[in-house]
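First the structure, in the form of structure tokens, and then the observations on it.
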Amino acid sequence: MEFDIQLIDSVVSDMNNGKAAGLGGLSAEHLKYSHPLVINILSKLFNLFIHTGYLPSSFGAGYTVPIPKLDSRLQALSVNDFRGISISSVVSEHAVLIRFADYFSTSDHQFGFKKNLSCSHAIYCVRSAIEHYIDNKSTVNICTADLSKAFDRMNHFVLFIKLMDRKLSIQLLNLFVLWFGISETCVRWRSCDSPFFKLIAGVRQGGVLSPYFFAIFVDDIVNKILDCNIGCYVRHMCVSVFMYADDIILLCPSVDGLQRLLRVCERAIEDIDMKINASKTVCMRIGPRSDAECAGLTLSNGAQLVWVDTCKYLGVYFVRGRYFRCTFEDAKKKFFSSFNAVYSKIGRFASEEVVVNLLDTKCIAPMLYGIEACPVTSRLKHSLDFTVTRVFMKILCRPTKTLCWSVRISLAFCLLANVSLFVLRVFSNVLFVLKIYCAMFSSDEQFVTRVKSISVSRK
């Protein structure tokens, strides 16, 4: 239950340099390069908090930096177009997370805030479930649900109840209750600070424990959906819901089943004092009968959900059709936008090699985001390759395509090689993906053969 010196020392040593300092101006470098006695003092201080159940009021203070969600060059921004990132002390939060890690575990269907799991793993599991039904001549109905102001509206008392259900230590729970009670922040815009105001709901976006608190807060949504036994199954495993933080996707082979699944999801969301944003919640069909017209789904408040041809999930756009596929048109627009921004600044005086290196580090990664979890067809490869070729023709003052390809080979800049590296990365962690593979193959021999083929391809 106590925070020993070794734990605090490891937390301080693992802190990243160059991060924003807290409200008192104390940064990670101050702790790392201070006298070793400071680690001993911090250990005794945190243990004193646990034993006395008291926190000073300054411990809950921080400041919030508004970050725009959209590009202000494309449209005028309003108050709702900013995301507040809170800056506060993180040493104690890291120590709590390491010491009490077992209490912060969540469902396997929640991919957010877990080590070695990313959006690509969630997208790949969705793809695997859909392709399993398509291979069996079935159509899958998809609903991507969006929670309205999820992180800002989290009810603190609901969180405390869920922590009590997990049998969290009463001393630590009392500290959390006190910490949320004294939490206050101000808005910092450049060098100006607003007056302080109390945080009566939500979590600090940017805090160490905040994502884990939110994952615990929404974990019952997944559990209630799995308990209703509605939706897609791959053999014995339910794959009707996947979550990444507050992004929810529902899968069901029938429209009626999807409506019932949506009602269960909506009730579970209302139980934690939240609601679905109807304007950002859409439905789509993938499979042999994707072109069939279907009745619109409704929410409990009467809002109608529309059937769309493309839907965005975790930054990747799914396309309605007979087979699972993704479109990267939006990614190519971002690629051209980022390249033009770089080229307009340095294109006139920088060498071609510098421009190409910046192209590789700043522009290619956003265009290839999520491609490791999506089906990569020859048409998609040629489309992305043509996009890069057009950029090379601009860098090299409109040479021939043969010259562009020769330069790319000489600079070890091959798009297909980048794609292959991205594809290999998705198999670096197989916690949940291997469960999907186990359920998809009818025999152990087929599963072993598939795993061996993946191992060979990784080599």
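The values are calculated or read from the model by the stated rules, or taken from the named source; none is laboratory data. Quick caveat, the model's predicted, so the values are computed rather than measured. Glycine also receives a Cβ, built like all others from the backbone with ideal geometry; neighbour counts cover every protein chain displayed. Ligands, DNA and RNA are stripped out before the accessible areas are found, and what is left, the full protein with its side chains, is counted by its heavy atoms. Shrake-Rupley method; radii C 1.70, N 1.55, O 1.52, S 1.80 Å.
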Candidate set: the stretch 44-54, residues that are of a type outside the set (Phe, Trp, Tyr) and farther than 19 Å from residue 7 by Cβ; chosen: the one most open to solvent (accessible area, probe 1.4 Å): 52
Could you tell me whether the stretch 327-335 includes any residue that is outside any helix (DSSP H, G or I), open to solvent by less than 70 Å² (accessible area, probe 1.4 Å) and either in contact with a strand residue (DSSP E or B) (Cβ under 8 Å, 6 or more places away or on another chain) or not charged (D, E, K, R) (or both)? yes
Looking only at residues that are part of a helix (DSSP H, G or I) and open to solvent by 50 Å² or more (accessible area, probe 1.4 Å) in the stretch 145-177, which one is farthest from residue 54 (Cα to Cα)? 165
Filter the stretch 365-399 down to the residues that are in contact with a Leu (Cβ under 8 Å, 6 or more places away or on another chain) and on the phi > 0 side of the Ramachandran plot and list them by number. 370
Complete set of residues in the stretch 339-394 that are basic (Lys, Arg) and either within 25 Å of residue 124 (Cβ to Cβ) or open to solvent by less than 40 Å² (accessible area, probe 1.4 Å) (or both): 379, 381
Could you list all residues from the stretch 253-296 that are modelled with pLDDT of 90 or more and touching a Phe, Trp or Tyr at 6+ places or on another chain (Cβ under 8 Å)? 253, 272, 282, 283, 284, 285, 286, 287
Restricting to the stretch 278-326, name every residue that is more than 15 Å from residue 252 (Cβ to Cβ), of a type in the set (Val, Ile, Thr) and in a strand (DSSP E or B). 298, 310, 316, 319
Does the stretch 86-99 contain any residue that is of a type in the set (D, E, K, R) and within 25 Å of residue 227 (Cα to Cα)? no
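Would you confirm, using the coordinates I've provided, whether residue 265 is over 24 Å from the mean Cα position of the chain (by Cα) and closer than 27 Å to residue 106 by Cβ?
no
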Among the residues that make up the stretch 101-122, is at least one of them closer than 24 Å to residue 237 by Cβ, at pLDDT 90 or above and among the aliphatic types (A, V, I, L, M)? yes
Any hit, the stretch 245-266, residues being hydroxyl-bearing (Ser, Thr, Tyr), touching a strand residue (DSSP E or B) at 6+ places or on another chain (Cβ under 8 Å) and surrounded by fewer than 22 Cβ atoms within 10 Å (Cβ to Cβ): yes
Limited to the stretch 118-133, what total is found for residues that are touching a residue at least 12 places away in the same chain (Cβ under 8 Å) and open to solvent by 20 Å² or more (accessible area, probe 1.4 Å)? 6
Kindly check whether there is at least one residue in the stretch 185-207 that is open to solvent by 30 Å² or more (accessible area, probe 1.4 Å), part of a helix (DSSP H, G or I) and either under 21 Å from residue 264 (Cβ atoms) or in contact with a strand residue (DSSP E or B) (Cβ under 8 Å, 6 or more places away or on another chain) (or both). no
Just wondering, is there one or more residues in the stretch 80-88 that are part of a loop (DSSP other than H, G, I, E, B), open to solvent by 60 Å² or more (accessible area, probe 1.4 Å), out of contact with any Phe, Trp or Tyr (no Cβ under 6 Å at 6 or more places or on another chain) and modelled with pLDDT under 85? no
When the stretch 125-152 is examined, which residues are found to be under 18 Å from the mean Cα position of the chain (by Cα) and of a type in the set (Phe, Trp, Tyr)? 151
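Select from the stretch 223-244 the residues that are part of a loop (DSSP other than H, G, I, E, B) and open to solvent by 10 Å² or more (accessible area, probe 1.4 Å) and write down the one among them that is nearest to residue 308 (Cα to Cα).
Only one residue fits best here, namely 231.
What are the residues in the stretch 1-43 that are aliphatic (A, V, I, L, M), open to solvent by 40 Å² or more (accessible area, probe 1.4 Å) and in contact (Cβ under 8 Å) with a residue 12 or more places away in the chain, if any?
Scanning the stretch 1-43 gives 1, 5, 20, 23, 26.
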Those residues of the stretch 13-29 which are touching a helix residue (DSSP H, G or I) at 6+ places or on another chain (Cβ under 9 Å), under 24 Å from residue 185 (Cα atoms) and part of a helix (DSSP H, G or I) amount to 28
Boolean, residue 350 is within 27 Å of the chain's Cα centre (by Cα), at pLDDT below 90, outside any strand (DSSP E or B) and more than 26 Å from residue 259 (Cβ to Cβ): no
